[in-house]
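These notes are about the structure you will find just below.
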Amino acid sequence: MEFDLNEEQRALARTVRAFSVRELRGGYSQRDRDRSFPRDVWKKLGELGLLGMRVSEEFGGMSTTCVTQGVVAEEIGREDPNVGVAALAVGELVGHMLEHATARAREEFLTPMIKGEKVPAFAVTEPHCGTDAAAMKAKAVKKGDRYVLNGEKSGITLAKAADFVLVYAKTDNTGGAKGVSAFVVPTDAPGITRQFYEDMGARSLVRGSIFMDDVEVPEHCLVGAEGEGFKLMMKGFDASRVYLALSCLGAALISLEETIKYTRERTAFGKPLARFEGVSFPVAEHSAILEATRLLCYKALWLRDQGLAHSKEAAMVKWMGPRFSVDAIRDCLLLHGHYGWTTELPFEQRLRDAMAVEIADGTAQVSKIVIARELYGRDFLPY
Ligand SMILES: Cc1cc2nc3c(=O)[nH]c(=O)nc-3n(C[C@H](O)[C@H](O)[C@H](O)COP(=O)(O)OP(=O)(O)OC[C@H]3O[C@@H](n4cnc5c(N)ncnc54)[C@H](O)[C@@H]3O)c2cc1C
């Protein structure tokens, strides 16, 4: 069993850490206040080759391993978990899907996304259904050499910033999940309108609703075969969920490091705070739990790299990663006393940002349904 990163991965981690400190740290809180997505950072991520890393070289990506991409998610998450979510979760899902797109669609959307020239979004959820995604009502009807899309997608990360969106819609209303197809749609297509939300956290992810009113796309914008959309999407979730977890863990781990430094220096009753077990034990507990979760993330990615089953492990960390990160960040905030409660320190924002990931891409409940399904078998699914 090998737990260490290789030299190439260690070098990449150093590069991404330096990039993140330089490009992300300074604006983290401002982006939250402005509710703005950093397009300039997106471009730089593309220039550094950090977008679409998993996409095969044949299509302009880097064909890296999932473990290597995990290292990038963790390092970016230390400075801005929202950028980690955009680049490594949305970017991964869209990159994974577009590998199944037509050559023309790959050229129009995948290549510029990898270069950081176009921002993607990924639209499954609808006002009446999220967990039960197969109950979606959005429709795509073939008319000649085009598809006509109608429906409303809600809760969509990057809705405001996206240049194009990967939309899931029913091409066959009788088939449940098997009737779902995927389409790549430019956000300036006639018939698209958008509405943005005032979120409590992850504000730079500029979420919103996307409305489609007789939106026409040429048939080369169908991604994969008709009816294949849901199956392809679920395969993507098994990776994106781990990157989401690692982005949060990055934010929690840096919070713990900052708290260790602070409680070493701050004194009360004539001693450093760290000498009191009421202070050092929560730090010790979170450190143990986060390390175990982190290792499970890399195990899930390693399994994916080996072509082995990993849905269970991905679901485990999708639940544990944001949940335990939120717990750790909360205690780090409290251990900074009244300073921790101010917006001068990053803990309150990290808390809100990591909590967003408890819902995004599937809640704790759906993660546990997946874990139970893998343990008991499909016959014991609750639906
Ligand atoms: C920050 C953020 C980013 C997001 N980004 C995107 C995006 O980019 N694209 C996109 O398509 N969607 C996105 N979403 C939407 C997200 O995927 C859904 O919110 C999520 O899947 C839950 O769906 P829902 O909100 O409809 O809740 P519901 O499905 O209505 O669930 C409500 C509650 O009931 C629980 N529940 C539901 N079913 C069961 C069950 N069988 N057993 C036990 N409990 C259950 C849920 O866990 C939840 O607590 C995002 C959401 C957030 C908060």
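General remarks:
- Put the Cα centre of the stretch 197-275 next to the Cα centre of the stretch 126-175 and the gap is 22 Å.
- Legend: Rg and Dmax of the stretch 7-119, from Cα coordinates, 13.7, 40 Å.
- Each label point was placed 7 Å from the Cα along the Cα-to-Cβ direction; for E57 and K368 their separation is 4.5 nm.
- D172, D4 arranged by Cβ crowding within 10 Å, fewest neighbours leading: D4, D172
- Loop sites in the stretch 82-184: GluC sites (Glu not before Pro), DSSP, at most 15 other Cβ within 10 Å: E117
- For the stretch 1-82, the list of GluC sites (Glu not before Pro) that fall in a loop by DSSP and count at most 15 other C-beta atoms within 10 angstrom reads E2.
- With helices as the sole contributors, the chain gives -15000 deg cm²/dmol at 222 nm; each DSSP H run of n ≥ 4 counts as -39500 (n - 2.57), and the sum is divided by every residue.
- Where the alpha-carbon atoms of the stretch 276-373 are placed on the principal axes, they occupy 47, 26, 22 Å, in descending order.
- Cross-link partners for K368 among the aspartates and glutamates, with Cα-Cα distance under 17 Å and sequence neighbours closer than 8 places in the same chain left out: D132, D238, E313, E358, D379.
- Taking 0.36 nm per residue of separation and subtracting the Cα-Cα distance, full extension of the segment from A177 to E117 would add 18.4 nm.
- Membrane-span-like helices in the chain, defined purely by DSSP H runs whose alpha carbon atoms cover 24 Å or more axially and whose average Kyte-Doolittle hydropathy reaches -0.5, are 229-265, 277-305, 311-335.
- Dimensionless Rg ratio for the stretch 158-209, taking C-alpha atoms and the 2.2 N^0.38 Å reference: 1.38
- Sequence-separation-based contact order of the stretch 230-380, relative, with Cα cut under 8 Å and 6+ spacing, percent: 30 percent
- Cβ crowding within 10 Å, taken as a proxy for footprinting-reagent exposure, orders F230, F59 from fewest neighbours to most as F59, F230.
- Bins of 10 Å, starting at 0 and running to the largest distance - Cα pair percent for the chain: 5, 24, 33, 24, 10, 3, 1, 0
- Summarising the overall dimensions of the stretch 121-227 from its C-alpha atoms, the Rg and Dmax are 13.2, 44 angstrom.
Every read-out reported here was derived from the displayed coordinates using simple, explicitly stated rules and does not represent laboratory data. All values derive from a computational prediction rather than experimental measurement. Heads up, the Cβs are rebuilt from the backbone with ideal geometry, glycines too, and the neighbour counts pull from every protein chain shown.
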